[in-house]
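A short write-up of the structure that comes next.
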There are 2 protein chains.
Amino acid sequence: MRLSEARVTVVGLGLMGGSAALALRGQVAALAGVDAHPDVARRAQALGLVPRATTDLAEALEGCDLTLLAVPVGAILDLLPRLGRDLPAPRLVLDFGSTKGAVVRAMADLPPEVDPIGGHPLCGKETPGPEAAEAGLFRGATFVLTPLERTSAAAMALAEDLVHALGARPLYLDAERHDHLLAWTSHLPYLLAVSLVACVARAAEREPAVWDLAASGFRDTSRLAASDLTMMLDILRTNRRAVAAAARAAAADLHHLADLLEASQDGRLREELGCRWEARRGFEVRQRAGGRP
Amino acid sequence: MRLSEARVTVVGLGLMGGSAALALRGQVAALAGVDAHPDVARRAQALGLVPRATTDLAEALEGCDLTLLAVPVGAILDLLPRLGRDLPAPRLVLDFGSTKGAVVRAMADLPPEVDPIGGHPLCGKETPGPEAAEAGLFRGATFVLTPLERTSAAAMALAEDLVHALGARPLYLDAERHDHLLAWTSHLPYLLAVSLVACVARAAEREPAVWDLAASGFRDTSRLAASDLTMMLDILRTNRRAVAAAARAAAADLHHLADLLEASQDGRLREELGCRWEARRGFEVRQRAGGRP
């Protein structure tokens, strides 16, 4: 099946689902949207993100070829066991969840008529909701695909077409490895951001002037602390061990830097910070070469 | 003396000094620039940041009413003892250094004909050099002023005028208190950023694919790791104790979050992360109310 012939249902009409719907317009045979929250469904339709939006999952999944699950991981894990049971079974299902191990394990138990594949678009912003949706959200982003053993070649091809239609680049990865690596690049940054906020908030209890001294450095480093709480909790609890290990590694490094500072080991400090400066620069160069913002 | 009557010399023609020179154009009686690096001085003049730029400090300080020291803290500490000794003594000196304790202590030893005041504009970006200078850099920013006991009322008034001329808002603060508070809002964010880069770089040694999975969350949280190394080392070594204490507090919090995760204390985790989400939101609201970006 080609993407242009597929009847697509987007489950979840917030930032991610709404943006996917906008980006897919005109590239698929039919597009429907569904959101459990009546208000979100109504706003998504009023904003023109989808031609029609409902709160009725059964209705939205009826006769659908490809379902995109653009809801937090917890909601994905609630929904998957219902497909082909109390809900119609779509031919293909691709999720957008931020952790993949638990999702792929749940997908393994789907009825045989469903062809599942895990996915994770590496993009987003803190502003949630359909109003924040934009067709270009996925442009230039890496879109991880985590196929199961049961995933057909046809499902993989259709998923790749979809990723390209969103303007993203597919990257195949084993689900467990995805979660292990994302603990470093995505979940650890969130924990560092919330730890920073906690430290500054505690300092502000003693000295409220602290907030007047928080500028762009604080703003950017703490940006992820504004992420959607339900989404983040689902991520943390479906990747506990790897995230906790990453947090402890960062804590050990912070103690190490404090040791160097207190011991006035400025030469070694300069050397180590220089290596990190170079590594950060390498990331920046790689980003630009990849056409990413 | 009014700012419009002052002959101003900007020492250091990189991002901060270059931006100050641009913003002050037409608001002062005369404007000169000096930079120890011939190439920077040449580029600053070619870019039109200052009407004339030199590498000769003695020449640039001759007959100057107000000197702005827009160089890293280490260079400020090297320069201050020379004023009124092997270099001409300006009537007023205001520095832009990121820590204030050591600077204010050095200012206390200036010859009596110099009227000194410490300053720290809370703005900047990672791109260094005169090419990055922009007249609007200080707009809406807090500009901390740390007067000494010997600072005259006239110097304070002129410094305030200057801050307003740059488009910033003056905030008076004791130098030691400034350093203590900035350890939380500015120096800790830098350490968190470099710890994140170190963790991801170490993970990449085992799995190079990690870099493909670093997206906007990593980018923003690690942004400060790209800061100018000399500037940051000067900051860290002139604020060792407070910075080390902040790093250890953040490390303790990261272990605490890892404990909650490993013990599956998800209710408590949600509660704590919710408080941090609220605190981050409060910062955002305050920033917007203050007209800051």
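The values are calculated or read from the model by the stated rules, or taken from the named source; none is laboratory data. This is a predicted model, so every value here is computed, not measured. Cβ coordinates were reconstructed from backbone atoms using ideal geometry, including for glycine residues, and neighbour counts include every protein chain displayed. Areas reflect the complete protein model, heavy atoms only, side chains present, ligands, DNA and RNA absent. Shrake-Rupley method; radii C 1.70, N 1.55, O 1.52, S 1.80 Å.
Among the candidates B:LYS100, B:LYS125, single out the residue that is of a type outside the set (Asp, Glu) and surrounded by fewer than 23 Cβ atoms within 10 Å (Cβ to Cβ). B:LYS125 is the lone residue from the list that is of a type outside the set (Asp, Glu) and surrounded by fewer than 23 Cβ atoms within 10 Å (Cβ to Cβ). With respect to the stated conditions, B:SER227 is more than 7 Å from every other protein chain (Cβ to nearest Cβ), open to solvent by less than 30 Å² (accessible area, probe 1.4 Å), within 27 Å of the chain's Cα centre (by Cα) and not hydrophobic (A, V, I, L, M, F, W, C). When A:GLU59 is tested against the conditions (1) within 29 Å of A:ALA183 (Cα to Cα); (2) open to solvent by 10 Å² or more (accessible area, probe 1.4 Å), the lone failure is (1).
Considering A:ALA198, A:ALA175, the condition of being crowded, with 20+ Cβ neighbours inside 10 Å, in contact with a helix residue (DSSP H, G or I) (Cβ under 6 Å, 6 or more places away or on another chain) and over 30 Å from A:ARG219 (Cβ atoms) is satisfied by A:ALA175 alone. Being modelled with pLDDT under 95, open to solvent by less than 80 Å² (accessible area, probe 1.4 Å) and not charged (D, E, K, R) narrows it down to one residue among B:GLY274, B:GLY291; which is it? Criteria check complete, one pass: B:GLY291. When only residues in segment A:158-168 that are open to solvent by 10 Å² or more (accessible area, probe 1.4 Å) and touching a helix residue (DSSP H, G or I) at 6+ places or on another chain (Cβ under 7 Å) count, which is nearest to A:CYS123 (Cα to Cα)? Looking at the filtered set, the residue picked out is A:GLY167. Criterion first (in contact with a Leu (Cβ under 6 Å, 6 or more places away or on another chain), modelled with pLDDT of 95 or more, of a type in the set (A, V, I, L, M, F, W, C) and buried (at least 24 other Cβ atoms within 10 Å of the Cβ)) does A:VAL11 satisfy it? So A:VAL11 fits the description; yes. Remark: pairs (first residue in segment A:109-120, in contact (Cβ under 8 Å) with a residue 40 or more places away in the chain; second residue part of a loop (DSSP other than H, G, I, E, B) and β-branched (Val, Ile, Thr); Cβ separation under 7 Å; 6+ apart in sequence or on different chains) = A:ASP115/A:THR151; A:ILE117/A:THR151.
Residue under question is B:SER222, and the condition is that it be facing chain A (nearest Cβ under 7 Å), hydroxyl-bearing (Ser, Thr, Tyr) and open to solvent by less than 10 Å² (accessible area, probe 1.4 Å); does it hold? Yes. All told, B:ALA258 falls short of being within 8 Å of another protein chain (Cβ to nearest Cβ) and out of contact with any Lys or Arg (no Cβ under 6 Å at 6 or more places or on another chain).
If you go through segment B:179-195, how many residues are over 17 Å from A:ARG223 (Cα atoms) and facing chain A (nearest Cβ under 7 Å)? Residues that pass the stated criteria total 2.
Restricting the search to helices (runs of 4 or more DSSP H) fully inside segment A:173-261 and requiring at least 1 residues that are modelled with pLDDT under 95 and small (Gly, Ala, Ser) gives A:216-221.
Within segment A:117-159, if we keep just the residues that are of a type in the set (Val, Ile, Thr) and touching a His at 6+ places or on another chain (Cβ under 8 Å), the residue that is nearest to the other protein chains (Cβ to nearest Cβ) turns out to be A:VAL144. Selection within segment A:134-169: residues that are part of a strand (DSSP E or B) and touching a Gly at 6+ places or on another chain (Cβ under 8 Å). The member of this set that is nearest to A:VAL114 (Cα to Cα) is A:PRO147. With respect to the conditions (1) in contact with a helix residue (DSSP H, G or I) (Cβ under 8 Å, 6 or more places away or on another chain); (2) more than 7 Å from chain B (Cβ to nearest Cβ); (3) exposed (fewer than 15 other Cβ atoms within 10 Å of the Cβ), A:ALA263 lacks only one, and its number is (1). Within segment A:55-71, is there a residue that is in a helix (DSSP H, G or I), over 20 Å from the mean Cα position of the chain (by Cα), touching a residue at least 40 places away in the same chain (Cβ under 8 Å) and under 23 Å from A:ASP228 (Cβ atoms)? Within segment A:55-71, one or more residues are in a helix (DSSP H, G or I), over 20 Å from the mean Cα position of the chain (by Cα), touching a residue at least 40 places away in the same chain (Cβ under 8 Å) and under 23 Å from A:ASP228 (Cβ atoms).
With respect to the stated conditions, B:LEU80 is open to solvent by less than 10 Å² (accessible area, probe 1.4 Å), under 27 Å from B:ALA157 (Cβ atoms), in a helix (DSSP H, G or I) and not charged (D, E, K, R).
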